[in-house]
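Colleague: Can you keep this structure in mind? I'll have questions shortly.
The values are calculated or read from the model by the stated rules, or taken from the named source; none is laboratory data. What you are looking at is a predicted structure, and each value in this text was computed from that prediction instead of being measured. A quick note on method: Cβ atoms are made from the backbone with ideal geometry, for glycine too, and the neighbour counts reach across all protein chains shown. Accessible surface areas use protein heavy atoms only, side chains included; no ligands, DNA or RNA. Shrake-Rupley method; radii C 1.70, N 1.55, O 1.52, S 1.80 Å.
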Amino acid sequence: MPNRPAATVLIVEDSASDRESFKRHLQRNNEYAFRFVEASCGEEGLAAYRQLKPDCVLLDYSLPDTDGLQFLSSIQATSPARKVPVVMLTGQGTSSVAVEAIRSGAVDYLVKSKLNADSLNAAVTSAIGTRADRAEPPKPCYHVLIIDDSATDAERYRRLLKDTGRERFEFSEAQTGADGLEAFDRHRPDCVLLDYNLPDFDGLEFLQTLAEEQGRKSQPMPVIVMLTGQGSEAVAVEA
């Protein structure tokens, strides 16, 4: 895989076997040639973080001397202006831990028992892409598909995106999940704004159907933003 840019991943994990598993998965990455730095506790991880300026941190939630949330707080206090993306990993697949991790600054949250090479590589590649100093130049225009049965909400989303002034957008719309799938095939959008409550099925069912279709075609998923009037942690984590 020639011409892959180099990237440094700091793995903060007390299990040597888990660290080896993460490295083995990430060595299959198609986007980056990774250099790995390892730490078995929070103290070692913070020292390595300060010294190395990694491109991404893989962080175990349960460490011998601290937990992942405290580690996140420490690195943010160490370098508030440097936003190094953190992917949290845990054996505890609870919604409360997941939500708190995201609120504390993690860009993703993965449960170890469900981890595989595809999911880990997708999370790390996406995380590195969030860094301003590693991001590709923006596209001239992004296509956004809005799937929402409320015309008022759809108009509000268009107005808010146009008001940012940072990118240009073009829009297509659908009011049901079935129409949304057809519109997706027709427009191949960069991003989908997806209402959780649709007339024919809910947003999670739409996500599952779209993922299956993309898998059959060996095509990647676009960016999906779920929107809902139900502020449920369980729905957020499942999405």
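Colleague: Look at region 80-108 and say how many of its residues are hydroxyl-bearing (Ser, Thr, Tyr), touching a residue at least 24 places away in the same chain (Cβ under 8 Å) and exposed (fewer than 14 other Cβ atoms within 10 Å of the Cβ). Before you say what the answer is, go through the steps one by one.
Modeller: Going residue by residue through region 80-108, those that are hydroxyl-bearing (Ser, Thr, Tyr) are 90, 94-96, 104.
Now restrict to residues that are touching a residue at least 24 places away in the same chain (Cβ under 8 Å): 90, 95-96, 104.
Filter once more, keeping what is exposed (fewer than 14 other Cβ atoms within 10 Å of the Cβ): 96.
Of the residues in that region, 1 qualify.
Colleague: Moving to a separate point now. I'd like the residue in region 159-203 that is open to solvent by 50 Å² or more (accessible area, probe 1.4 Å) and of a type in the set (Asp, Glu) and, out of all such residues, is nearest to the chain's Cα centre (by Cα).
Modeller: Looking at the filtered set, the residue picked out is 167.
Colleague: Take residue 206 and tell me if it is closer than 19 Å to residue 144 by Cα and open to solvent by 40 Å² or more (accessible area, probe 1.4 Å).
Modeller: Values: closer than 19 Å to residue 144 by Cα: yes; open to solvent by 40 Å² or more (accessible area, probe 1.4 Å): no.
Here the answer is no, as residue 206 does not meet what is asked.
Colleague: Pairs needed: first member in region 13-39, within 20 Å of residue 64 (Cα to Cα); second member anywhere, assigned to a loop (DSSP other than H, G, I, E, B); C-beta distance under 6 Å; at least 6 residues apart or different chains.
Modeller: Within 6 Å, the pairs are 14/40; 14/63; 14/64; 19/13.
Colleague: Still on this structure: Condition test on residue 22, is it part of a strand (DSSP E or B) and among the aromatic types (Phe, Trp, Tyr)? Before the answer, list the steps.
Modeller: Values: part of a strand (DSSP E or B): no; among the aromatic types (Phe, Trp, Tyr): yes.
Considered against the rule, which asks whether it is part of a strand (DSSP E or B) and among the aromatic types (Phe, Trp, Tyr), residue 22 comes out as no.
Colleague: Right, something else. In region 218-226, is there at least one residue being more than 11 Å from residue 146 (Cα to Cα) and touching a Pro at 6+ places or on another chain (Cβ under 7 Å)? Before you say what the answer is, go through the steps one by one.
Modeller: The initial filter retains those residues of region 218-226 that are more than 11 Å from residue 146 (Cα to Cα), namely 218-223.
Okay, now just the ones that are also touching a Pro at 6+ places or on another chain (Cβ under 7 Å), so 222.
Scanning region 218-226 turns up at least one residue that is more than 11 Å from residue 146 (Cα to Cα) and touching a Pro at 6+ places or on another chain (Cβ under 7 Å).
Colleague: Okay, moving on. Scan region 178-209 residue by residue and report those that are in contact with a helix residue (DSSP H, G or I) (Cβ under 9 Å, 6 or more places away or on another chain) and farther than 26 Å from residue 141 by Cβ.
Modeller: 196, 197, 198, 199, 200, 201, 202, 204, 205, 209
Colleague: When residues of region 187-209 are filtered for being part of a helix (DSSP H, G or I) and out of contact with any strand residue (DSSP E or B) (no Cβ under 8 Å at 6 or more places or on another chain), how many remain?
Modeller: Here is the first cut: in region 187-209, the residues part of a helix (DSSP H, G or I) are 187, 203-209.
Checking the rest, the ones that are also out of contact with any strand residue (DSSP E or B) (no Cβ under 8 Å at 6 or more places or on another chain) come to 204-205, 208-209.
So the answer is 4.
Colleague: Then there's this: So how many residues does region 1-58 have that are charged (D, E, K, R), open to solvent by 40 Å² or more (accessible area, probe 1.4 Å) and within 16 Å of residue 127 (Cα to Cα)?
Modeller: In the first step, residues of region 1-58 are kept if they are charged (D, E, K, R); the result is 4, 13-14, 18-20, 23-24, 28, 31, 35, 38, 43-44, 50, 53, 55.
Narrowing the set further to residues that are open to solvent by 40 Å² or more (accessible area, probe 1.4 Å) leaves 4, 14, 18, 20, 24, 28, 31, 35, 38, 43-44, 50, 53.
Then drop every residue that is not within 16 Å of residue 127 (Cα to Cα), which leaves 31, 35, 53.
Summing the residues that are charged (D, E, K, R), open to solvent by 40 Å² or more (accessible area, probe 1.4 Å) and within 16 Å of residue 127 (Cα to Cα) in region 1-58 gives 3.
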